[in-house]
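Here is the structure we will look at.
Here, each number is a calculation from the coordinates, and none is a lab measurement. Keep in mind the model is a prediction, meaning the values are calculated, not measured. We place every Cβ from the backbone using ideal geometry, glycine too, and count neighbours over all the protein chains shown.
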Amino acid sequence: MAIGRLKDDFDEGMAPYYLMGATPVALVIGAVAPAPLFPFILALAVYPVFFHFIRQGRLGMALLWTVMWGALNFALVAAAVAQDIPAVRSRAAGMAMIAPAQTPPAEEPARELVVQAAMARGGDFLAVVALSGVSGGALALAAGAVGLNHIAVVSGHAVAMGGGLDAAILAFPPWMVFRAMGLLMVVIGVTYLFVLKLEGREMDWGRSLRWVGVGAFFLVMDTYFYINLGAVWSRFFVEAM
């Protein structure tokens, strides 16, 4: 009964209000729970909304509210790190340590950098396809929380070190939007097939592959801008600090 009512609430426009309540609650619970559970608890805040709209075939709504969750989660973690809240800082910093680090590219992108960046994005693509395919997107969202908090920690730390708002903004390179959106669209496309298969419905390969294809294109754009602008952006960030 409670689950059914929650679904009705989502359909009646309550999803953003649910996320505004569930996201900070998940952050507080995650801060006191065992550290390995932190990303899973964060992802649990958005998963009911994410899964509900994908199950209905409203993939755009799933994208919209997951982006809202990501932005809210980013802001809360960055603010907690900036304010030096120990419990959140330690959990988020622990996640940042296991997130893949990226070395800023040289001023002139070398062939090796292009290959490394392409392989990294390809690895991300395959990882989210696999995680979404075996978990209905749940594990992929948890992995996304790890990557998101990696940047949030850098942004919050920049403020804590006296870098100001400009340093906090520069900690988030604009091409990361392509990466986040690209990976999320891949997750949604694969999860949609997962749900159709789970419920014995007709497989809509065309729609799923369109989402995955657009997501892959965004990852290509992310790679291009990272290679060509990463060094300049990194220099701006260092100067702002």
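Computed from backbone phi, the HN-Hα couplings of the stretch 40-52 come to 5, 5, 4, 5, 4, 5, 9, 4, x, 5, 4, 5, 4 Hz, rounded to whole numbers (Karplus: 6.51 cos²θ - 1.76 cosθ + 1.60, θ = phi - 60°; Gly and Pro given as x).
Which order do Ser135, Ser155 fall in if you start with the one that has the fewest other Cβ atoms within 10 Å?
Details: Ser135 15, Ser155 25.
Arranged by neighbour count, lowest to highest, Ser135, Ser155 become Ser135, Ser155.
Here the Karplus curve 6.51 cos²θ - 1.76 cosθ + 1.60, taken at θ = phi - 60°, turns the phi angles of the stretch 222-233 into couplings of 4, 4, 4, 5, 4, 5, 8, 10, x, 5, 5, 5 Hz, with x standing for Gly and Pro.
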